[in-house]
Amino acid sequence: MICLSIRELCISRHKNGASFTLEVPELEVKRGEILAIVGQSGCGKSTLTDTLGLILEPTSAGSFMLEGKCGRVDLLQVSPSVKAQIRGSEIGYVLQSGGLFPFLDVLDNIMLPGRLLGISESVLKERAVELASSIGIADQLHKKPQHLSGGQRQRVAIARAVVHNPPIVLADEPTAAVDQVSANDICVLLRKIVQENNASLVIVSHDRELMKKYADYEVTFKLNKDERGIVSTLLKPERTGR
């Protein structure tokens, strides 16, 4: 089942006299699968991720469709307020640094997205504790993030991203700040959670070898230069052979 579908999308950005354009001829994100976005610095990985996360508005697009808990939605036709609601309920985000709030303990960090959505406190707590147990941080629930290792913080970030059962999970370089053993553990956990929840995972990474082990598909970019400045075109997804 296709969760997110894009056709002929274009994003143009201008900064300090320089121009950058990202072109996405076609992209489909499927339920239960992992799509890896790889490529050199400056090719548009973060721009694409922010667009998929409904943070960045496309300059133009032929179609931009979401199939999730809210049904089938044309994201080009909804208002900013509706898009914000969709972003909160349909998308989970795992930041490179974890992005945890230092003044909240692990349990409260995990429960935060669900609280913002108004999910029942008892239901939410049960889900958070269950997640923490399944990814090996049940004994860390009442600690503050500063007392955790880098790998533990990323586990908390993963639990927080999926506690509200979003159909799409975006992970921006989730393994960049940890050692190789922890990086493998994080990928195993992400894959397990995605499969258990029949969600889609889009993971941005500079580590192509790691992505070949865990991702189902991989996309990268082709850079050119024309009158618009630097133009990065997303190439067709390729199966990793995992």
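Measure nothing fancy, just the Cα-based angle from helix 150-162's long axis to the longest principal axis of the chain, in degrees from 0 to 90, nearest 10.
It is inclined by approximately 80 degrees.
Please compute the volume of the convex hull spanned by the alpha-carbon atoms of the stretch 66-114 and report it per residue in Å³.
Considering the Cα atoms of the stretch 66-114, their hull volume per residue is 101 Å³.
Using Cα pairs closer than 8 Å and at least 6 residues apart in sequence, work out the relative contact order for the stretch 1-138, in percent.
20 percent
Give the shape of the stretch 34-149 as rounded, prolate or oblate, defined through the alpha-carbon gyration tensor: a ≥ b ≥ c are the square roots of its eigenvalues, a/c under 1.5 means rounded, and otherwise the shape is prolate if a/b is larger than b/c and oblate if not.
The shape class here is oblate.
Mind putting a number on the dipole of the chain about its Cα centre? Charges go on the C-beta only, +1 for Lys and Arg and -1 for Asp and Glu, and I need it in Debye to the nearest 20.
80 debye
Just the accessible area for M1, please: 1.4 Å probe, Å², rounded to the nearest 10?
140 Å²
Accessible surface of T220 in the full protein assembly, 1.4 angstrom probe, to the nearest 10 Å²?
That residue has around 30 Å² of solvent-accessible surface.
Pull up the cross-link candidates among the aspartates and glutamates for K125, meaning alpha carbon to alpha carbon under 19 Å and not fewer than 8 places away within one chain.
Within the straight-line cut-off, K125 pairs with D105, D108, D139, E196.
Mind jotting down the distance between the C-alpha centroids of the stretch 1-47 and the stretch 179-220, whole Å?
18 Å
Taking 0.36 nm per intervening residue step and subtracting the Cα-Cα distance, what contour gain separates A84 from A176 on full extension?
Separation in residues times 0.36 nm, less the Cα-Cα distance, equals 30.3 nm.
Accessible surface of K125 in the full protein assembly, 1.4 angstrom probe, to the nearest 10 Å²?
Approximately 100 Å² for this residue.
If each residue of separation counts as 0.36 nm, what is the full-extension length gain between L223 and Q40 once their alpha-carbon separation is subtracted?
Result for the pair: 64.9 nm of gain on full extension.
Let me have the 222 nm mean residue ellipticity of the chain computed from DSSP H runs of 4+ only, each contributing -39500 (n - 2.57), with the sum over all residues rounded to the nearest 500.
The helix-only estimate for the chain comes to -10500 deg cm²/dmol at 222 nm.
Measure off 7 Å from each Cα along the Cα-to-Cβ vector at L56 and S134, then give the distance between these two points in nanometres to one decimal.
The two pseudo-label positions are separated by 3.1 nm.
Could you tell me which GluC sites (Glu not before Pro) in the stretch 186-242 are loop residues by DSSP with no more than 16 other beta carbons within 10 angstrom of their beta carbon?
E227
What shape does the chain have by the C-alpha gyration tensor, where a ≥ b ≥ c are the square roots of the eigenvalues, rounded means a/c under 1.5, and otherwise prolate means a/b greater than b/c and oblate the rest?
The shape class here is prolate.
Could you run the Karplus curve 6.51 cos²θ - 1.76 cosθ + 1.60 with θ = phi - 60° over the stretch 45-56 and give me ³J(HN,Hα) per residue in whole Hz, x for Gly and Pro?
For the stretch 45-56, the Karplus-derived couplings read 4, 5, 4, 5, 4, 5, 6, 4, x, 6, 8, 10 Hz, x marking Gly and Pro.
Taking the alpha-carbon distance from K212 and a cut-off under 27 Å, which lysines remain once sequence neighbours fewer than 8 residues away in the same chain are dropped?
Leaving aside lysines fewer than 8 places away in the same chain, those within reach of K212 are K30, K45, K192, K222, K236.
Under the classification rounded if a/c is under 1.5, otherwise prolate if a/b is larger than b/c and oblate if not, where does the stretch 101-178 fall, given a ≥ b ≥ c as square roots of the Cα gyration tensor eigenvalues?
Oblate, since a/c reaches 1.5 and b/c is not below a/b.
Straight-line reach from K69: which aspartates and glutamates fall under 15 Å, measuring Cα to Cα and dropping same-chain residues less than 8 apart?
E90
Any chance you could run the full-extension gain for L76 through F103? It's 0.36 nm times the residue separation minus the Cα-Cα distance, nm to one decimal.
6.0 nm
Pop out the carbon and sulfur fraction of the accessible area of the stretch 164-206 as a percent, whole number, probe 1.4 Å.
The computed percentage sits at 48.
The values are calculated or read from the model by the stated rules, or taken from the named source; none is laboratory data. Just so you know, these numbers come straight off a predicted model, no measurement behind them. With ideal geometry, Cβ positions are generated from the backbone for all residues, glycine too; neighbour counts draw on all protein chains shown. Note: areas computed on protein heavy atoms with side chains; ligands, DNA, RNA excluded. Shrake-Rupley method; radii C 1.70, N 1.55, O 1.52, S 1.80 Å.
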